[in-house]
1. Assess whether Ile50 counts as being modelled with pLDDT of 85 or more and surrounded by fewer than 13 Cβ atoms within 10 Å (Cβ to Cβ).
2. Quickly run through region 35-65 and pick out the residues that are closer than 12 Å to Phe81 by Cβ and either in contact with a Cys (Cβ under 8 Å, 6 or more places away or on another chain) or in contact (Cβ under 8 Å) with a residue 40 or more places away in the chain (or both).
3. Just give me the residues in region 70-83 being surrounded by 13 or more Cβ atoms within 10 Å (Cβ to Cβ) and under 21 Å from Arg13 (Cα atoms), in sequence order.
4. Do we find that Thr67 is loosely packed, with under 13 Cβ neighbours inside 10 Å and out of contact with any Asp or Glu (no Cβ under 6 Å at 6 or more places or on another chain) in this structure?
5. Name, by its number, the condition in (1) surrounded by fewer than 17 Cβ atoms within 10 Å (Cβ to Cβ); (2) within 17 Å of Ile16 (Cβ to Cβ) that does not hold for Met58.
6. Taking Ser32 as the residue in question, decide whether it is more than 30 Å from Ile95 (Cα to Cα), modelled with pLDDT under 95 and among the small types (Gly, Ala, Ser).
Amino acid sequence: MESDLQVIRKESRPIIFTLILVIATFAVFFISRFVNEPYLTICLWLLALIDIGFIVSMVMGIRTKKTNIIILSVFVNSLCFVILTIFLLLVSFGIGISEA
């Protein structure tokens, strides 16, 4: 039988993963601002991978048995997913306009 600590760790993984993804998003954004000549396509690919990570984190949250973690995971991850997707599309349009 699993101990209570292992159950708490297993149920808190989606929330911790979401926090790590948010920190990684800000890190990619700010690091790309301080590099002299950043390749924006690399930043776009990194942000797209983080975007996929939000979907994975939402699925992990839905698979837990606690209702409050399910609701929090769906709300926070879908909000982060939508905001990051809109940002990716705007940056992609900007790159397409400026490089043509």
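The values are calculated or read from the model by the stated rules, or taken from the named source; none is laboratory data. Given the structure is predicted, the values throughout are model-derived calculations rather than measurements. Please note: Cβ atoms are built from the backbone with ideal geometry, for glycine as well, and neighbour counts cover all protein chains shown.
1. In short, no.
2. Leu47, Ala48, Phe54, Ser57, Met58
3. Ile70, Leu72, Ser73, Val74, Val76, Asn77, Ser78, Cys80, Phe81
4. So Thr67 passes the test.
5. Going through (1) surrounded by fewer than 17 Cβ atoms within 10 Å (Cβ to Cβ); (2) within 17 Å of Ile16 (Cβ to Cβ) one by one, Met58 breaks only (1).
6. no
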